[in-house]
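The values are calculated or read from the model by the stated rules, or taken from the named source; none is laboratory data. These figures come from a predicted structure and were not determined experimentally. Heads up, the Cβs are rebuilt from the backbone with ideal geometry, glycines too, and the neighbour counts pull from every protein chain shown.
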Amino acid sequence: LEEITVEDSYTGPRMEADESGQLRATLDFVRAMLAAFKDEQLIHRRYAMEIILQAQAILKALPSLVDVDIPQGTELTVCGDTHGQFFDLLRIFDLNGLPSETNPYLFNGDFVDRGSWSVEIILTLLAFKCLYPAHMHLTRGNHEAKSMNTIYGFVGEVKAKYTAQMADVFRETFCWLPLGYVLGGKVLVVHGGPPVQCNASLDQVRKYDRNREPPEDGPMCEMLWNDPQDQPGMLPNKRGVGVAFGPDVAKRWLESQGLQMVVRSHEVKEEGFEVAHDGYTITIFSAPNYCDQMGNKGAFIRFDSDCTPSFTQFDAAPHPNKRPMAYAAGAWASML
Ligand SMILES: O=C(O)c1nn[nH]c1-c1ccccc1
Ligand SMILES: [Mn+2]
Ligand SMILES: [Mn+2]
Ligand SMILES: [Mn+2]
């Protein structure tokens, strides 16, 4: 990275070196980065690379399933899909505060694709992961994957805003994102759903070798792609990947693992969230007016130390005039 020099002509936020000479994202830098992104400016690719690679090293050291405690008297906020809707992420921070050691967050996958500010979202989340590694938690979604990012806009956006090499570094980093979290020993947080068809245990997930693109079946595939259904039983998923699982299947798997509830994302909900399966399965979705057209609310959940959920809904924020998937391959063709 040293060979990337930050030119004197660069006027954006500058990262300072710590006492060991290592460039670090301080809170002041992250605040300045948020302001720059809000003003449709970018940070220098040297600083972007530092954030991505430092976050990658932190993520790599985690197990594939991470236990997170919510100490007495504290709360943890869980957000769902954000899908490149950076100005709605800023609204979450306005409503609920910036991430900090006293205001921990878990973002439950699908950070990128669809929305045209995916780079701003993922650099923000990874920068907070570097700043507060024990208080900013990130789950892998099915959109943290090369095949999806190539089709749904993230690769095109990174190449337009930075470089193809940076797209590769993002891809390597996504492969180290944990597959799920257990809050307070009783709530599984995962992007799609629990691995009910392969019937994997929490321990098998903890040891799973996640450093790869998502496979077509098995624990990792199901955790990124499964969906709940109202009907009892299990059916092939209409998406063609993973399964649809009923209330009986959710209850049986959760009880077999000593868990009370699964919180998942992955599906748009009109109200931003949905409590299904008699409370065993919660969906949380944090991209309001999804793709500038669905008209849905966004929502996030605050869990207290007893894992009691409180829901907050919010509407879409105004954003600069750029349509969803503005950088997707072929988007340029539509402009010719
Ligand atoms: O892009 C989405 O809306 C999405 N979010 N999670 N999964 C998808 C998806 C999956 C397959 C095909 C298209 C979208
Ligand atoms: Mn999604
Ligand atoms: Mn998804
Ligand atoms: Mn307690």
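For residue 116, state whether it is closer than 18 Å to residue 77 by Cβ, more than 16 Å from ligand 3 (Cβ to nearest atom), of a type in the set (Ser, Thr, Tyr) and touching a His at 6+ places or on another chain (Cβ under 9 Å). No: the conditions fail for residue 116.
Kindly evaluate residue 85 against the criterion of being among the polar types (S, T, N, Q) and either within 16 Å of ligand 4 (Cβ to nearest atom) or surrounded by fewer than 24 Cβ atoms within 10 Å (Cβ to Cβ) (or both). Step through it out loud before you land on a result.
Numbers: among the polar types (S, T, N, Q): yes; either within 16 Å of ligand 4 (Cβ to nearest atom) or surrounded by fewer than 24 Cβ atoms within 10 Å (Cβ to Cβ) (or both): no.
In short, no.
Scanning segment 93-118 for residues that are in a helix (DSSP H, G or I) and surrounded by fewer than 24 Cβ atoms within 10 Å (Cβ to Cβ) gives 93, 94, 95, 96. The residues of segment 298-323 that are within 16 Å of ligand 1 (Cβ to nearest atom) and surrounded by fewer than 22 Cβ atoms within 10 Å (Cβ to Cβ), listed by number, are 316, 323. Does residue 290 fit the bill of being at pLDDT 95 or above and touching a Leu at 6+ places or on another chain (Cβ under 9 Å)? So residue 290 does not fit the description; no. Of the numbered criteria (1) in contact with a Cys (Cβ under 9 Å, 6 or more places away or on another chain); (2) within 22 Å of residue 275 (Cβ to Cβ), the one residue 257 fails is (1).
Residues are listed down the side, and each one gets a yes or a no for (1) under 13 Å from the mean Cα position of the chain (by Cα); (2) modelled with pLDDT under 95; (3) not charged (D, E, K, R):
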residue: 71; (1), (2), (3): no, no, yes
residue: 80; (1), (2), (3): yes, no, yes
residue: 83; (1), (2), (3): yes, no, yes
residue: 87; (1), (2), (3): no, no, yes
residue: 94; (1), (2), (3): no, no, no
residue: 101; (1), (2), (3): no, no, no
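Being at pLDDT 95 or above, surrounded by fewer than 23 Cβ atoms within 10 Å (Cβ to Cβ) and among the β-branched types (Val, Ile, Thr) holds for only one residue in 241, 155, 189, 205, and it is 241. Within segment 169-179, not a single residue is crowded, with 23+ Cβ neighbours inside 10 Å, at pLDDT 95 or above and acidic (Asp, Glu). Please work out which one of (1) small (Gly, Ala, Ser); (2) farther than 27 Å from residue 172 by Cα; (3) in contact (Cβ under 8 Å) with a residue 60 or more places away in the chain is the condition residue 25 fails and give its number. All conditions pass for residue 25, except number (2). Residues being aromatic (Phe, Trp, Tyr), over 22 Å from residue 292 (Cα atoms) and assigned to a loop (DSSP other than H, G, I, E, B) are represented in segment 126-133 by at least one member.
Only residues that are of a type in the set (Asp, Glu) and not in a loop (DSSP other than H, G, I, E, B) were counted across segment 1-53, and they come to 3. Based on this model, can you work out whether residue 92 counts as more than 16 Å from ligand 1 (Cβ to nearest atom) and either touching a residue at least 12 places away in the same chain (Cβ under 8 Å) or touching a Pro at 6+ places or on another chain (Cβ under 6 Å) (or both)? In short, yes.
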